[in-house]
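Single-structure report; data block below.
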Amino acid sequence: MSNNGQPTWHGTTILSVRKDGDVVMIGDGQVSLGDTVIKATARKVRRLADGTVIGGFAGATADAFTLFERLEAKLEQYPNQLTRACVELAKDWRTDRYLRKLEAMMLVADKDVSLVLTGTGDVLEPDDGVIAIGSGGNYALAAARALAGQKDITAEDAATRAMEIAADICVYTNSNFTMEKL
C-alpha cells in the first residue's frame, strides 16, 4: 500500500546482458496492482532511434512513455551519442518541475554502452555489462551475472535463463518475456 492507502503498482523486471559483442534486453509482461495481476502481456522493452537503441522501463507506464519520448528527442539532438543523450535527459529530469514527479526507471543500450537512468539524476553504466531494474531486478541481476560468466552461454541464453529464475522467485514477475537484441 502507498502512503495514501491506495494499492501500489508492482510488476516489472527488466534485464540487459552484454556479452561477446551482443547486447540483449528482456522484460517480463506482468503488471500488478496490489495483489492482483492486471495484465500479463505488457510490452516493457522496445527499440528506439530507428532501431539502434533498445530500452526498457520499470514504473508508471505513462511516465515511462513520457521518458521514452524525451529520450527519443535527445537522441535526435545527439545522434549516435547515447550517453550524452541520457545525461541531458537526466539533467532535465532533475530540474524540470513536471519531470521530477515521474515515477519510472529506464534501461537503455546501444552497440557500445548499457545504462540505467533514474529520476535522481543517475546515469550509470555497469562494470560487467549486466544490469537490471524493477521488482525482480536483483534476482535477475544475480542470476545473469552468474550465467554470463560461463564461456559456453550466449547473452540471449543468459538473459532468458536469468529472467526465468527471477520469475520463479518474484511474485511480481512472470515469464511472458519480450526481448530485443542488437
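Yes/no matrix, rows are residues, columns are (1) modelled with pLDDT under 95; (2) more than 19 Å from Gln81 (Cα to Cα); (3) touching a strand residue (DSSP E or B) at 6+ places or on another chain (Cβ under 9 Å):
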| site | (1), (2), (3) |
| --- | --- |
| Gly27 | no, yes, yes |
| Gln30 | yes, yes, yes |
| Gly34 | yes, yes, yes |
| Ile38 | yes, yes, yes |
| Ala42 | yes, yes, yes |
| Val45 | no, yes, yes |
| Ile54 | no, no, yes |
| Gly59 | yes, yes, yes |
| Thr66 | yes, yes, yes |
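Listed conditions (1) within 28 Å of Asp22 (Cα to Cα); (2) in a helix (DSSP H, G or I); (3) out of contact with any helix residue (DSSP H, G or I) (no Cβ under 6 Å at 6 or more places or on another chain) are all met by Ala42, apart from (2).
Taking the criterion of being at pLDDT 85 or above, in contact with a strand residue (DSSP E or B) (Cβ under 7 Å, 6 or more places away or on another chain) and farther than 16 Å from Cys170 by Cβ, the residues of the stretch 1-25 that qualify are Ser16, Val17, Arg18, Asp22, Val23, Val24, Met25. Scanning the stretch 54-110 for residues that are under 21 Å from Val130 (Cα atoms), in contact (Cβ under 8 Å) with a residue 12 or more places away in the chain and basic (Lys, Arg) gives no hits. Residues that are modelled with pLDDT under 95 and in contact with an Asp or Glu (Cβ under 9 Å, 6 or more places away or on another chain) were ranked within the stretch 117-135; the one that is nearest to Arg46 (Cα to Cα) is Gly134. Check whether at least one residue in the stretch 28-47 is under 18 Å from Glu103 (Cα atoms), under 12 Å from the mean Cα position of the chain (by Cα) and among the aliphatic types (A, V, I, L, M), and report yes or no. Within the stretch 28-47 (the criterion being under 18 Å from Glu103 (Cα atoms), under 12 Å from the mean Cα position of the chain (by Cα) and among the aliphatic types (A, V, I, L, M)), the answer is yes, since at least one residue qualifies. Screening Arg47 against (1) basic (Lys, Arg); (2) surrounded by fewer than 18 Cβ atoms within 10 Å (Cβ to Cβ); (3) over 25 Å from Phe177 (Cα atoms) leaves a single unmet condition, (3). Taken together, Gly59, Gly51, Gly55 contain a single residue that is within 14 Å of the chain's Cα centre (by Cα) and at positive phi, which is Gly59. Go through the residues of the stretch 167-176 one by one and say whether even a single one is within 14 Å of the chain's Cα centre (by Cα), β-branched (Val, Ile, Thr), surrounded by fewer than 18 Cβ atoms within 10 Å (Cβ to Cβ) and outside any loop (DSSP other than H, G, I, E, B). Looking through the stretch 167-176, none of the residues is within 14 Å of the chain's Cα centre (by Cα), β-branched (Val, Ile, Thr), surrounded by fewer than 18 Cβ atoms within 10 Å (Cβ to Cβ) and outside any loop (DSSP other than H, G, I, E, B).
The values are calculated or read from the model by the stated rules, or taken from the named source; none is laboratory data. Not measured: the values here are computed from a predicted model. So basically every Cβ, Gly included, is an ideal-geometry build from the backbone, and we count neighbours across all protein chains shown.
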